[in-house]
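The values are calculated or read from the model by the stated rules, or taken from the named source; none is laboratory data. These figures come from a predicted structure and were not determined experimentally. In this analysis, Cβ positions are derived from the backbone assuming ideal geometry, glycine residues included, and neighbour counts consider all displayed protein chains. Heavy atoms of the whole protein, side chains included, go into the accessibility calculation; ligands, DNA and RNA do not. Shrake-Rupley method; radii C 1.70, N 1.55, O 1.52, S 1.80 Å.
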Amino acid sequence: MVNKRQTRVDIMNLFAKLTESYDNKTNLDRLASRFHALSEIGATPDFGATRVAYSPEDRQAKELLKGWMREAGLRVREDAVGNVFGLLEGSRPELPIVLAGSHIDTVPNGGHFDGVAGVLTALEVAQRWKEQGYAPIRGLEIAAFADEEGSRFHASLTGSHFMMGELDLEAVKHYRDDNGLSFEEVLRADGLDAARAHEAARKPDELHGYVELHIEQGQVLEKRGLPVGIVNGIAGPAWLDMRWTGRASHAGTTPMGMRSDALAGAGEFVAVLDSLPEAFSPTAVATVGKFDVYPNGSNVIPGEVKLVVDVRDIDLGSRDRLIDEIVRVAQEIAARRGLQVSCDVNIKIDPTPMSPLLMACIRQAVEREGLPAFELTSGAGHDAMVIGRRVPTGMIFVRCLEGISHNPAEWASLSDLAVGLRVLDDTLKQLASSP
Ligand code: HGY
Ligand code: MN
Ligand code: MN
């Protein structure tokens, strides 16, 4: 019996797929082979990737990345919360450095480009500078931020928040993963000492700028036939941890009028949620992606449902008014059904505009590619929205297939990644070569 998983991975060899249509193979084999190598860590039966933060797979991917960074001649370190950095020294080490990167952790059964594209292209830039003997004035540091996706504790952007001093142990002491483990227990199992988490904080004036290349995770570039775009702002996400409580009881003996069915209430809430955002703004979105039923037995009326509501908008006011309405609707449904509902706001991040200075650098790089300088907004959250609040930050979007993301079918062509790489290289040179 042929191993189904092995067959699928063989057939879907990422290196072969990436390079098959690329006309200038010699330059990007290393990049393509690194996408492939990472795709095999946490590979899922349908050729996705599951590298949840602080898991053995996440650790394996970080150690592989650190090896590549050392190969590239970078000075490698990992901070106390698991952010990985590789520094290419500048000729004037006293100057604030330029930071570039993204993340390599994934959502459960995610794709192979979300985050990874930003880390691997930034590493490729630094390695090429080293190989070409190009010494920037400012250091260039490549970053892979820990727990960007928030798949472990249902609160995302952990590493970049700690780096910006916006999280500390007190703020995460209530974090629990799905096994009930605390932040400190999870980090300890990953060989990290959470007691030193405060050491991850860096002063904003240490950083001259931050640039993140990322797949668009939407269809705007694809519809316009453009390989890259310039991000002008990032929508602000909020995650509401809801707990619906009724009373578990026998499915056969409990008359319909005498139930406290947590799932019936939560289900009605999710159905109503679907129609709320459009009443607040054309760019507002609300999603329930995580939904756990307890005790989850076929003949048991659910006593409890835990769910997370993901609410986003580029407009802060309408997003916050939508949050208030979501909570009000939940409370009204719970009251009518004799249920309890609790709602904890796990993350609430303001929309972040990108730095006009960095957008100008990216625009110049895009125009040097002979491409139109098209600007767009990011509906997805990124480490750039945390860093961008206090450090000049820019993002380069790369076209992705049908906007698919957080899905094994996520795809960006090597040709588009090559354009993104050249734009990133040009942007970073502009930033790192000026005192
Ligand atoms: O959720 C997001 O927008 C990102 O993928 N972490
Ligand atoms: Mn993501
Ligand atoms: Mn991402």
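Solvent-accessible area of the range 244-386 (1.4 angstrom probe, protein heavy atoms only): carbon and sulfur portion equals 53 percent. The Cα atoms of the range 62-129 cover 43, 28, 21 Å along the three principal axes, with the biggest extent listed first.
Solvent-accessible area assigned to carbon and sulfur over the range 27-68 amounts to 56 percent, based on a 1.4 Å probe. Placing unit charges on the Cβ atoms of the charged side chains and taking the dipole of the chain about its Cα centre, the candidate lying farthest along the positive direction among Ala412, Gly265, Gly218 is Ala412.
Legend: Rg and Dmax of the range 251-302, from Cα coordinates, 14.9, 46 Å.
When only C-alpha pairs under 8 Å and at least 6 residues apart count, what is the relative contact order of the range 100-146, in percent? About 54 percent, as a whole number. Shape class of the range 167-281 from the Cα gyration tensor (axes a ≥ b ≥ c, square roots of the eigenvalues): oblate, since a/c reaches 1.5 or more and a/b does not exceed b/c.
Dividing the alpha-carbon radius of gyration of the range 312-384 by the rule-of-thumb value 2.2 N^0.38 Å gives 1.75. Protein heavy-atom accessible surface, 1.4 Å probe, per residue over the chain: 41 Å². Farthest towards the positive end of the charge dipole of the chain, among the residues Ala334, Val186, Pro295, is the Cα of Val186, using unit charges on the Cβ of Lys, Arg, Asp and Glu. Around the amide H of Lys290, modelled in the peptide plane, lie the amide H atoms of Val308, all under 5 Å away and 5 or more residues distant in sequence or on another chain. For the range 83-179, go through all pairs of different Cα atoms, get the mean of 1/r, take its inverse, and jot down that Kirkwood value in Å. Here the Kirkwood hydrodynamic radius works out to 14.8 Å.
Per the Kirkwood formula applied to alpha carbons, the chain shows a radius of gyration over Rh ratio, Rg over Rh, of 0.99. Roughly to the nearest percent, how much of the accessible area of the range 177-224 is carbon and sulfur, given a 1.4 Å probe? Reported share for carbon and sulfur atoms: 44 percent. Only Lys, Arg, Asp and Glu carry charge here, each on its Cβ (+1 for the first two, -1 for the last two); on that basis the chain has a dipole of about 220 debye about its Cα centre. Rolling a 1.4 Å probe over the protein chains gives Leu316 an accessible area of about 60 Å².
Of the residues Thr427, Thr283, Thr245, the one with the largest accessible area comes first in the ranking Thr283, Thr245, Thr427, computed with a 1.4 Å probe on protein heavy atoms.
Does the range 13-117 classify as rounded, prolate or oblate by the C-alpha gyration tensor (a ≥ b ≥ c root eigenvalues; a/c under 1.5 gives rounded; else a/b over b/c gives prolate, otherwise oblate)? In terms of gyration-tensor shape, oblate.
Note the direction-averaged projected area, equal to a quarter of the hull surface, for the Cα convex hull of the range 250-405, in nm². Taking a quarter of the hull surface, the average projection is 12.2 nm².
Taking every protein chain into account, the 1.4 Å probe leaves Phe47 with about 10 Å² of accessible area, to the nearest ten.
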